[in-house]
Structure formats: structure tokens, C-alpha cells
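To start, the structure itself, in C-alpha cells.
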Amino acid sequence: MIQASYPATRLRRTRNAGWSRRLHRETVMTSADLIWPLFVTSGTGIEDPVASLPGVSRWSVDRLADRAREAVALGIPCVALFPNTPGDLRSEDGAEALNPDNLMCRAIRAIRDACGEDIGILTDVALDPYTSHGQDGLVDAHGYVVNDDTVAVLVDQAINQANAGADIIAPSDMMDGRVRAIRMALEMNGHPNVQIMSYAAKYASAFYGPFRDAVGSGGLLKGDKKCYQMDPANADEALREIALDIAEGADSVMVKPGLAYLDIIWRAKQAFGIPVFAYQVSGEYALIEAGAAAGVGDREALLMEKLVALKRAGCSGIVTYHAPLAARLLNG
Ligand code: PBG
């Protein structure tokens, strides 16, 4: 980099006026950078607030279409769906995940009916919202989450979602080999254009607590997910995960959580030049809300600074519970 010394160079010059700051802005976000996660619950006419996520609710299927219409009106291109499966439908093997009429599939169809092709529908592939033990896969007699048998079920879950109309299959389970298996099954079952956004680098994070409340798996979960989700201390390993998922057929990859893993986003983008997404997870949302409520700073400014950091690090887009607020701010 060639740069004249002071005073020929005064970097404050271009910062001096608002028009100039706008003109020189390197990272520009729009509402098209956002994916809005929505929680679905059973019943009709229901908005059920999630206590640990102030401002976020679970919606019954009949009320979900309005949220999708809201997303379209705000220019948000995609919603991500997560079901809160009724307790009596949860089981050891999570079989409800394969029911073509489960909450997830009904939600997909309701949004498609309401919004047609004006919105992308991303669906989560993992068994935790359906299992009685809260793990993302099948467990053996010792409580160990087994890999290959789980992958077989995840494939069926993914096809079930694609049949219902999902546009992007997003495996968040961190089993080995599931991207290839899902890709092959999508090809063989008439879904060549259904995308896979793999949660390639998903960490065993302390920031998922409110999400587990929202889908009702938190109280059920014994132990942790460290034998399949990544160690927060590891970065080279994340690049190996991402390389594998690309080789297996992922169209895009996700890094999760967001802000604490900016280096992973950056390295993935530099190394592979593929679309990288970040999931600003529930704990991150809750911290912004709690910080704002405690007077740490302005909620909207705190939020937008964190989102632009993710974009600056290399993200094509960000999954965030703050998507509607962020879209309103970005749309002016
Ligand atoms: C599980 C899943 C989790 C999240 C998305 N999918 C939680 C977990 O791994 O236990 C977390 C999202 C969030 O915290 O917002 N398949």
C-alpha cells in the first residue's frame, strides 16, 4: 500500500461530512442480506412469546403466513423455520421429523401458499426439535449420538422438507458425511434445484440457550453436544469442515455463532471464495436486547454495528432474529 505521510494524508478528510462518509463506505448492507428465523408452534391463532428472547414469538401455522408477507414487504429474501414440536410427538428416534404433515411441512406449505416464489424457505435438518432427549441425532444405549444411522434419518428428513416445498436444506446437525448423502438423495428424488446451506462450522456454543427454550429442547437435553459440534478453540478444523462440505455438494456454508467467529468467516471466504453465511444466534440476540435494556447503548446502533461486522468479514448474508428491525433500519 502506498500512502503519503501527514499532512498530505489526513484520513479525517473523507470522514468529515456525512455525504463523504456515505460515499467512502466499504461495506454496504441491505435488507437482501438478511435471513429471518421463525419459530412455529401447534394450534391456531397463537402468538407465544419466547421468554428468553424478548420480542421473538412462536407462531401457529395460520399466523406464520403474515410473518412471511412481512418479510417480503421488508425485502427480506428468506425465512428459516424451526418447529416447537408438541411434547407427545417427541420420541427417542425423532420419527416426527419424517411425518409429511408435521409442523415444519405445514409451515412450508402455508408460506408457499401465501408468498409463492417471492420468498426463500430455509429448513433446518437435525433431530433435536423432535427427540425426547434433545440431541440432534439418534443415541445409542450409552447416550452417544451415532453418526451413520443418524445420517440416514437426516436424508429422509431433508427429502420430507423438500417434498413440502423447502428451497434451502440447512443441516445443522454436524454429522460427518451428511451433505453428500442429502445431495445425492435430492438429485434422485426430483429436487435438483433445492439448495444445501450446510452449517459447516457449527460450534458447541454457550450462546444457544434461548433457542433451545424456543423449540422446547433445552429442558430435555442431558449433557452437551461436544462430540459432534466443534470446539470453540479450533479454526483450522473449521476450514476442513467447510472444505469437506463444499466437496460433498454444499451450495453455501454457514458459520455459527456469528460475532465470536469472525476469523472463521474471514478465512473461509478467503480460502474458498464461496457464499458464507453467519448465524447470529439466540444468545447474541438476547445479549443485544439485555445490553440495550441495561443502558449499555442504543439497541439499533449496537445491532447494526454487529451485523456490519459480519458482512465486512465476508458474509453473503446473516441469519438474525433482528432481521425485521434491521430491514426497517436499512430501508430507512
Ligand atoms: C440445533 C440447532 C441449534 C440452533 C439452531 N439449530 C441449537 C443447538 O445446536 O443446540 C441454535 C440457534 C440459536 O441459538 O439461535 N440443530
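For the listed peptides 201-213, 310-322, 124-136, a ranking on the average number of other beta carbons within 10 Å per residue, highest first, reads 124-136, 310-322, 201-213. Computed from phi, the 3J(HN,Hα) profile of segment 192-201 under the Karplus parametrisation 6.51, -1.76, 1.60 (θ = phi - 60°) reads x, 9, 6, 7, 10, 9, 8, 6, 6, 10 Hz, with x in place of Gly and Pro.
Could you tell me whether segment 6-123 comes out rounded, prolate or oblate from its Cα gyration tensor? Rule is a ≥ b ≥ c as square roots of the eigenvalues, rounded for a/c under 1.5, then prolate if a/b exceeds b/c, otherwise oblate.
Numbers: a/c = 3.19, a/b = 2.67, b/c = 1.20.
Prolate shape, in that a/c is at least 1.5 and a/b is the bigger ratio.
How much of the DSSP beta bridge set in the chain is antiparallel, as a percent to the nearest 5?
About 10 percent, rounded to the nearest 5.
Using DSSP, restrict attention to beta bridges with both residues in segment 111-250 and report what percent are antiparallel, rounded to the nearest 5. List each step's numbers first, then the result.
On the way: 1 of 8 bridges.
Around 10 percent antiparallel, to the nearest 5.
For the chain, the longest principal axis of the Cα atoms and the long axis of helix 148-164 meet at an angle of about 80 degrees.
Keeping every protein chain present and rolling a 1.4 Å probe, give me the accessible area per residue for the chain in Å². Intermediate values should be presented prior to the final figure.
On the way: 14670 Å² over 332 residues.
Per-residue value: 44 Å².
Entry note, the chain: relative contact order of 18 percent, from Cα contacts under 8 Å with a spacing of 6+ residues. Close Lys pairs in segment 28-330 (alpha-carbon distance under 21 Å; sequence gap of 8 or more, or different chains): 14.
Hydrodynamic estimate: the Kirkwood radius of the chain over Cα pairs, inserted into Stokes-Einstein at 10 °C and 1.306 mPa s, corresponds to D of 77 µm²/s. Charge tally around Arg21: other residues with Cβ under 12 Å, Lys/Arg +1 each, Asp/Glu -1 each, net +4. Within the shell defined by Cβ-Cβ distances under 9 Å, the residues around Asp136 carry a net charge of -1, with Lys and Arg each +1 and Asp and Glu each -1. Ligands, DNA and RNA left out, the accessible area of the chain computed with a 1.4 Å probe is 52% carbon and sulfur.
The values are calculated or read from the model by the stated rules, or taken from the named source; none is laboratory data. These figures come from a predicted structure and were not determined experimentally. Glycine gets a Cβ as well: all are built from the backbone with ideal geometry, and neighbour counts include every protein chain shown. Just the protein is used for accessible areas: all its heavy atoms, side chains included, with ligands, DNA and RNA removed. Shrake-Rupley method; radii C 1.70, N 1.55, O 1.52, S 1.80 Å.
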